[in-house]
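Below is one structure; the comments refer to it alone.
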Amino acid sequence: MNEEWEARVIVDDPVTQSNLKGTLSFASAGPNTRTTQVFINTVDNPRLDGMGFAPLARVVQGMDTVNRLFNPTPTHPRRVDQDVYAERSQEWIEQQYRMYQLHCDSYQCWRM
């Protein structure tokens, strides 16, 4: 999937609502650089509004599960190297971050 979308340009949507906790937005590296990567705001991030991050959806149920997920940010020592991830894919990230994997069913989440 990354290869197919890597060279495509997805034009930015106008920011019509704020990046509040629970909203989903496309990640980008600047104007009109979106691909297929999205993130969930786990805190209010209104500073992203002026940077062109337009929320496209909102978590309406299960935010407690989102809060239990471990997602290393770019400044975290166990951060995801996005270039390596794009090159090596999901299998690589599952091996590298196995200790953080959560498995969920309809009722609960647990670490494997």
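Give the range 83-96 a look and list any residue that's at pLDDT below 75 and surrounded by 12 or more Cβ atoms within 10 Å (Cβ to Cβ), or say none.
Passing the criteria: 84, 85, 86, 89, 92, 93, 96.
Could you say whether any residue in the range 6-20 is at pLDDT 90 or above and within 15 Å of the chain's Cα centre (by Cα)?
yes
Starting from residues that are under 19 Å from residue 45 (Cβ atoms) and part of a helix (DSSP H, G or I), keep the ones in the range 65-81 and report whichever is modelled with the lowest pLDDT.
67
The values are calculated or read from the model by the stated rules, or taken from the named source; none is laboratory data. None of these values were measured; they are calculated from a predicted model. Don't worry about glycine lacking a Cβ; one is built from the backbone with ideal geometry, like all the others, and counts go over all protein chains shown.
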